[in-house]
Amino acid sequence: MQGETPLADLEAGRIATPYVCGMRIVGKLDPWGRGDNAMLKRSRQCAYVYGGGERKGIAVIDASDPKAPKAVGLLDTPGAIGGSETMDVIDTGTRHLLVAGDYSGGLRPPGPAPLDIYDISDCTTPKLLTTFYWPANIHVPKISPDGMRVYASREYGTDGLMVLDISDPARPIYMGEYPLVLPGGKAQRRHDMWINDGQTRLICAGSVPMIEARKGDSAPSIWDITQIGKPNPEWPKIRFVGTSDIRGQGDHHAPLLRVRGRQYLVAANELRCTAFPRIFDMTDEKSLRMVGEFRLEANDRCLNDPAWAKANAAGSYGLHYNAVVDDAWGGVALGLFSFMGSGVRIVDLRDPTHPYEVAYYHPGAIDAPSPRGPLASKTDSCMSINSFVPETGHIWFVCRSGFYVAELSKAVRAKLGASVP
């Protein structure tokens, strides 16, 4: 079955090595052999990989030689040591910044809520500019496209967001906490977000902040942020613009995608095997229209067989992050989806109404004890926000076993209409 890794096969050693189709691994690195890697951010030739174990923190990886990436530093300052999903990078003009907050603080409120701000002008040697302490815990920070603000979601289950002015990154200024109020008065919880280039709109992945409704009532939403920073703005300072009538995906991640001049967003839930990407047309921002979705066969079985879904919950066949790129090789739209135990799935998005898989890396077995049970202990889960490197055409991703540099095959690139050297 597409995406499945049966426990019996893992335990019997039949999946000792990964399944790879339509791509090849160019280089790999498990920093210091820590074996507990999770998240990824990229700046030019550098990868910032968060992981746990004895060398907990953000590994700085120089991948200028993609065949032999090397760890050149470890960031373990108050925010970076617990970074995980709580980090972001911006490269715009001469402005190169990395921010990293304490994800664990967001899981254990009230707790300290540090945000480290690094100058990464030389991406191999980040320089700590300051550590700012938020007045409340955060979960995911997002740097604005101009690199002048940080928008931060609150800890799990809490609505609203906070905003930080980093026009002087060494001396950040707290701008305030802002509620997100839906029509009818309900509060909007959000996880990840995007800000448009004009910095007038916040595109939010989230749901109402009630556990029982988190997944079923999830959907992407759009908010007007033009009042933030203005003197005496009218309430609410962040105003609801629109969402979709189609619910059930969009609680975790909703990146933007432009195809043939039309704007889309790709939204999904996380973790459960019923999580998969849906594609929404944003032409009418008040009413997002679902036009397509991508599901593995494992997702379909989860949706139609509750007993199988429960038995395989720890296998993590669901999505975690659904990164996209719309200008690969100058104009190819791709999904770079991290389906956890089902690996990294590369999806052709040139026709958003009919996405289809063109390549995958399905990880082999590992032996790393997990509180989620024997299947999770054997699963080399791939959870990162993956990155396309335009200079090389490579795809970067992270699984528990390490940081990977991959390349699509010549046949796949030719099928996608990309130039084949």
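The values are calculated or read from the model by the stated rules, or taken from the named source; none is laboratory data. Computed from a predicted structure; not experimentally measured. Please note: Cβ atoms are built from the backbone with ideal geometry, for glycine as well, and neighbour counts cover all protein chains shown. Keep in mind that these areas ignore ligands, DNA and RNA; they rest on the heavy atoms of the full protein, side chains included. Shrake-Rupley method; radii C 1.70, N 1.55, O 1.52, S 1.80 Å.
Summary of computed values
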{"quantity": "For region 130-212, the spread of Cα positions along each principal axis, largest first, Å", "calculated": "41, 28, 17"}
{"quantity": "Fully extended contour minus Cα-Cα distance, from Asn304 to Arg350, at 0.36 nm per residue", "calculated": "13.7 nm"}
{"quantity": "Cross-link pairs beyond the 27 Å C-alpha cut-off, checked among Lys28/Lys378; Lys127/Lys230; Lys310/Lys378; Lys127/Lys378; Lys70/Lys127; Lys230/Lys286", "calculated": "Lys127/Lys230; Lys127/Lys378"}
{"quantity": "At R0 = 30 Å, FRET efficiency that the Cβ-Cβ distance of Thr392 and Ala8 yields, to 0.05", "calculated": "0.20"}
{"quantity": "Rounded FRET efficiency, nearest 0.05, which uses the C-beta distance separating Thr94 from Lys230 and R0 of 25 Å", "calculated": "0.35"}
{"quantity": "Gained length - Asp165 relative to Ile246, 0.36 nm times residue gap less alpha-carbon distance", "calculated": "25.7 nm"}
{"quantity": "Calculated P(r) of the chain - Cα pairs past 31 Å, %", "calculated": "35"}
{"quantity": "Relative contact order, percent, the chain [alpha-carbon distance under 8 Å, six or more residues apart]", "calculated": "14"}
{"quantity": "Förster-model FRET efficiency, 22 Å R0, Ala368 and Ile25, C-beta, rounded to 0.05", "calculated": "0.65"}
{"quantity": "Whole-percent carbon and sulfur share, accessible surface of the chain, 1.4 Å", "calculated": "51"}
{"quantity": "Magnitude of the charge dipole, the chain, Cβ model with Lys/Arg +1 and Asp/Glu -1, debye to 20", "calculated": "240"}
{"quantity": "Helical contribution to [θ] at 222 nm, DSSP H n ≥ 4, -39,500 (n - 2.57), averaged over the chain, rounded to 500", "calculated": "-2000 deg cm²/dmol"}
{"quantity": "Ordering of 77-89, 58-70, 122-134 by packing [mean C-beta count within 10 Å, highest first]", "calculated": "77-89, 58-70, 122-134"}
{"quantity": "With DNA, RNA and ligands ignored, accessible area of Tyr361 (1.4 Å probe; Å², nearest 10)", "calculated": "10"}
{"quantity": "Cβ-based net charge around Val26, under 13 Å, with every Lys or Arg adding one and every Asp or Glu removing one", "calculated": "+1"}
{"quantity": "For region 372-421, the fraction of alpha-carbon pairs in successive 5 Å shells from zero, as %", "calculated": "5, 18, 20, 19, 14, 11, 7, 5, 2, 0"}
{"quantity": "D (Stokes-Einstein, µm²/s), Kirkwood Cα radius, region 1-96, 1.567 mPa s at 4 °C", "calculated": "84"}
{"quantity": "For the chain, cysteines whose Cβ has no other cysteine Cβ within reach (under 4.7 Å)", "calculated": "Cys21, Cys204"}
{"quantity": "Difference of contour (0.36 nm per residue) and Cα-Cα distance, Glu297 to Lys127", "calculated": "56.7 nm"}
{"quantity": "Of Lys142/Lys186; Lys41/Lys67; Lys67/Lys142; Lys41/Lys415, pairs whose Cα-Cα distance is over 21 Å", "calculated": "Lys142/Lys186; Lys67/Lys142; Lys41/Lys415"}
{"quantity": "Accessible area per residue in Å² at 1.4 Å probe, computed on the chain", "calculated": "39"}
{"quantity": "Mean shadow area of region 139-178, taken as a quarter of the surface of its Cα convex hull (nm²)", "calculated": "2.8"}
{"quantity": "Of every Cα-Cα pair in region 259-396, the percent that sits beyond 21 Å", "calculated": "44"}
